[in-house]
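Contents: one structure, followed by commentary.
The values are calculated or read from the model by the stated rules, or taken from the named source; none is laboratory data. Predicted model, so just to flag it, every value in this text is computed and none were measured. Every residue, glycine as well, gets a Cβ built from its backbone with ideal geometry; the counts of neighbours run over all protein chains shown. With ligands, DNA and RNA removed, areas are computed over all heavy atoms of the protein, side chains included. Shrake-Rupley method; radii C 1.70, N 1.55, O 1.52, S 1.80 Å.
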Amino acid sequence: MITTTHHRICPLCEACCGLEIKVEDHKVISVRGHEADVFSAGYICPKAVALKDLHEDPDRLRSPMVKRNGVHVAVTWDEAFAEIERRLPPLMAAHGRDAVGLVTGNPSAHKIGLLTYFPKLARGLGTKTIFSASSVDQIPKQLASGLMFGNWLSIAVPDIARSDLLIVIGANPLASNGSMWTVPDFRGKAKAMQARGGQLIVIDPRRTETAAVADAHHFIRPGADVFLLSAMVHTLFAENLVRLGAVQEWVTGVDEVRAAVAPFAPEAVAARCAIDADTIRALARQLANTPRAAVYARIGTCTQEYGTLASWLVDVLNVLTGHLDAPGGAMFANAAAFSANSSGAAGRGKGIATGRRQSRVSGAPEVMGEFPINCIAEEIEQPGPGQMRALITVATNPVLSVPNGPRLAKALDTLDFMVSLDIYLNETTRHADVILPGPSPLEDLHYDVAFPQMSWRNHARYSPPVFARAENQPEEWENLLRIAAIAQGLGAGVDIGALDDSQFADDAQRSFGPHADAVIAATQGLRGPQRALDLALRAGPHGDAFGQKPEGLNLHKVMASNPSGGIDLGELQPRIPEMLRTPSGKVELAPPSLLADLPRALADLQRPAPDMVVIGRRDVRTNNSWMHNLPTLAKGPFRCTALVHPADAERLGLVEGAMATLENAQASLQAQVHISTDMMPGVVSLPHGWGHDLPGAQLSVAAQRPGVNLNALLDEKLRDPLSGNAVLSGVEVRMRAVESAAV
Ligand SMILES: Nc1nc2c(c(=O)[nH]1)N[C@H]1C(S)=C(S)[C@@H](COP(=O)(O)OP(=O)(O)OC[C@H]3O[C@@H](n4cnc5c(=O)[nH]c(N)nc54)[C@H](O)[C@@H]3O)O[C@H]1N2
Ligand SMILES: Nc1nc2c(c(=O)[nH]1)N[C@H]1C(S)=C(S)[C@@H](COP(=O)(O)OP(=O)(O)OC[C@H]3O[C@@H](n4cnc5c(=O)[nH]c(N)nc54)[C@H](O)[C@@H]3O)O[C@H]1N2
Ligand code: SF4
Ligand SMILES: [Mo]
């Protein structure tokens, strides 16, 4: 038996770990961390091992499905595209292009084919009715960063390797492995920081796995981060602790920020955030007085009513304490490819724009080219011009991942036509008329487009597919392009290679003008995302400039480095002012739209704490809604449990291990109680992505322990008005014991 060894970047989460996969007789026999990987040095988590299960999962779709008489049946690729051609163009002709909705989900961020060709599908459809999982996630952070630094992906990340203090707010990297910060083995890096005398501080309504290894942890009332953060900023001004450091001359708006936070004295906010004034001051002082320090905040601070304000204030703190763009502080990566903050003229740009249009029903502003994903149901339900009649979903499961999924599920059933690009027949795709599966992740090449832009260290790594694709299985970019072609009237039988060539030539013409022919010649022999990647690498900040810098990168070199673990491009370097793309050419510390939103928070200072609110939770063996079907991850203790503090358990008569009802005006569901002093009193924690008991799905393992859908309790109308992001944290619920007879 011949054993072959393959090196593959894990496509499952943002840590982007390098894997070593051994294969015998077309079967995966082991998945380990790749010790030589320049970026992740052998670290992995249990999900990587489950790639074998995913590859072999009998429920994973191997052929397209078409719904006939309410039942999904396997069809050929030609039949599937013929069905799309039969139904989509007439619908567009009758109801207009905006009547076709388009929504994409989390796995798209991890797939170069989906990420680079989704815009082509959007363009081909010509629709403005676009949504993504970004608006149940990180769009507030992107909006705040975009306004301050001029680009949607200019995200400052902690330079943890050189830091001596890290304040982590609303993130649990020990379970999530990091987000909007690509940092494999966070735990090891935090430990190393502690070993050199540094401190980790966590602020979270739950004493999380990350809090457990921290030097200090503070509970915070869910949704109240804006109050804590504004009071920390207030303290910096009040105590004359503001030192901008090296970026001093590149910052505008300091005085405006000082005035804006004047009402947010620590005493004024303490009750609202449930952190006392002395602690708030001490946090601000420690941050200011530690030369190498950073504040990092993630989903807990985004998925709330003040998500954009909170995300902004995090970087305001980093700037005012001299930690932005400074070694050991919050720095910007310099990605080898696809990075908008290293292309075009350095140091100045157009900045970002939002609100160029409003959503039809609730008037939500467009942000990053899309509308809030929470708007899909209302856009389908409400009659009138522009009503959504068809929906194309790309790697997303909004029936479970979006607030009030049950309403959305009902709405999906009323569509005239729905197409899903997905690898499972699940809670969302069961509504689709046509399902187009992607290949197994092990049959796909890999290069991360987004995450090197927020990595703890600069790097370039590429993985070829481990296995050849099954016969007839297209790559996903080809499927996106074919639907686009159908929508443009080119027909389902279009030659995808030729279409891709001509679009590439057009793009090259636009970007490179007189040099376009040379660029096209230089990428000869490549196609699809690989060609886009070669171009991006060569034109990128570390690139070979098409031969002008022979020592620089191109795809060939990055591919060749795969067995030795990729190419290390060194630690993060200061990049201000070069990376700024704001109209002023400065860090815009006081964007007017954000200042204008602060009075909303001020008016909310006295809001009393509800009896009980719900927050979410991640477990290292889960991945949002879609990996509960993999046996290696599904085994072990049941994870969809409701965590409550003993004081709440006592007052509500809840019993360890027994069932409790969580309910509000919208829904009622039952979950098993787990009593824990790790919870903040008045807060219950329930993970999202569960509820695999819906009819019509084909998830045989997940269905055995389906869990309940947290999002059934959450209100799709609750949004951060600036970013449109959903409120997932701090939503009021009632909780009571289920009579034992009902268990
Ligand atoms: N209450 C609550 N809700 C949340 C969250 C929370 O913290 N609390 N978190 C939110 C966050 S951060 C996110 S990102 C969203 C995620 O929301 P979604 O992106 O909608 O959901 P996922 O569960 O990631 O589902 C991914 C889908 O992609 C499919 N898929 C997997 N791999 C591939 C592939 O290679 N190709 C294709 N075509 N399909 C594939 C899966 O089968 C699944 O249907 O959920 C959000 N929802
Ligand atoms: N194992 C695993 N890893 C994942 C995922 C997964 O589902 N499973 N999902 C991936 C995705 S899509 C994402 S976006 C990332 C997210 O990565 P993280 O942001 O690290 O996500 P969580 O682990 O949910 O941590 C969020 C923390 O915020 C806390 N929190 C809730 N509400 C508030 C609040 O109002 N204020 C504060 N300060 N804290 C609050 C929660 O208790 C929780 O500990 O994880 C990714 N990685
Ligand atoms: S931490 Fe994320 S990238 Fe690393 S092995 Fe686990 S799932 Fe894969
Ligand atoms: Mo996410």
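Annotations for the structure displayed:
- Odd one out for R575 among (1) within 30 Å of G307 (Cβ to Cβ); (2) of a type in the set (K, R); (3) open to solvent by 40 Å² or more (accessible area, probe 1.4 Å): (3)
- Identity of the residue in the range 119-174, more than 12 Å from ligand 2 (Cβ to nearest atom) and basic (K, R), that ends up nearest to S339 (Cα to Cα): K120
- Comparison of V613, V655, V620 shows that the only residue that is under 30 Å from A262 (Cβ atoms) and not acidic (D, E) is V613.
- Hey, S339 away from ligand 3 (no atom under 16 Å from the Cβ), at pLDDT 95 or above and polar (S, T, N, Q) or not: yes
- Which numbered condition S561 misses (of (1) of a type outside the set (D, E, K, R); (2) within 21 Å of C10 (Cα to Cα); (3) open to solvent by 30 Å² or more (accessible area, probe 1.4 Å)): (3)
- Checking R8, R68, R32 one by one, the residue that is within 14 Å of ligand 3 (Cβ to nearest atom), open to solvent by 20 Å² or more (accessible area, probe 1.4 Å) and not assigned by TED's automatic domain parsing to the domain that holds S625 is R32 and no other.
- Any helices (runs of 4 or more DSSP H) falling wholly within the range 111-183 and containing at least 3 residues that are more than 24 Å from N623 (Cα to Cα): 112-125, 139-149
- The condition of being on the phi < 0 side of the Ramachandran plot and in contact with a Ser or Thr (Cβ under 7 Å, 6 or more places away or on another chain) holds for only one of A737, A697, A702, A726, that being A726.
- Summed over the range 1-30, the residues that are over 25 Å from the mean Cα position of the chain (by Cα) and over 22 Å from D568 (Cβ atoms) give a count of 13.
- The range 254-353 holds helices (runs of 4 or more DSSP H) entirely within its bounds, and those carrying 2 or more residues that are under 24 Å from L728 (Cα atoms), within 16 Å of ligand 4 (Cβ to nearest atom) and in contact (Cβ under 8 Å) with a residue 12 or more places away in the chain map to 299-302, 307-320.
- Considering the range 451-536, the qualifying helices (runs of 4 or more DSSP H), each wholly inside and each with 3 or more residues that are within 27 Å of the chain's Cα centre (by Cα), run over 476-487.
- Residue in the range 44-66 that is more than 16 Å from ligand 2 (Cβ to nearest atom) and hydroxyl-bearing (S, T, Y) present: yes
- Test: residue in the range 590-600 that is out of contact with any Pro (no Cβ under 9 Å at 6 or more places or on another chain), within 13 Å of ligand 2 (Cβ to nearest atom) and open to solvent by 10 Å² or more (accessible area, probe 1.4 Å): no
- Filter result for A310 (open to solvent by 10 Å² or more (accessible area, probe 1.4 Å) and outside the structural domain of P721 (by TED's automatic domain parsing)): no
- The single residue among I155, I139, I169 that is within 30 Å of R97 (Cα to Cα) and away from ligand 3 (no atom under 16 Å from the Cβ) turns out to be I139.
- Within the range 154-170, one or more residues are more than 22 Å from C273 (Cβ to Cβ), crowded, with 24+ Cβ neighbours inside 10 Å and within 16 Å of ligand 1 (Cβ to nearest atom).
- Verdict on L115 being surrounded by 17 or more Cβ atoms within 10 Å (Cβ to Cβ), assigned by TED's automatic domain parsing to the domain that holds W477, more than 16 Å from ligand 2 (Cβ to nearest atom) and under 30 Å from F371 (Cβ atoms): no
- Qualifying residue in the range 633-651 (condition: part of a loop (DSSP other than H, G, I, E, B), under 27 Å from S311 (Cβ atoms) and touching a residue at least 24 places away in the same chain (Cβ under 8 Å)): no
- Test result for V100, within 18 Å of G438 (Cα to Cα), surrounded by 18 or more Cβ atoms within 10 Å (Cβ to Cβ) and more than 16 Å from ligand 3 (Cβ to nearest atom): no
- L630, sole failed condition from (1) within 30 Å of V73 (Cβ to Cβ); (2) away from ligand 3 (no atom under 16 Å from the Cβ): (2)
- Subset tally (residues that are open to solvent by 10 Å² or more (accessible area, probe 1.4 Å), in a loop (DSSP other than H, G, I, E, B) and away from ligand 2 (no atom under 16 Å from the Cβ)) for the range 365-420: 13
- Selection count, the range 13-29, where residues are within 21 Å of V558 (Cα to Cα), within 16 Å of ligand 4 (Cβ to nearest atom) and open to solvent by 10 Å² or more (accessible area, probe 1.4 Å): 1
- Residue check, R430 farther than 30 Å from G691 by Cβ, open to solvent by 10 Å² or more (accessible area, probe 1.4 Å) and charged (D, E, K, R): no
- If the condition is being at positive phi and away from ligand 4 (no atom under 16 Å from the Cβ), then the range 364-422 contributes G369, G384, G386, N404.
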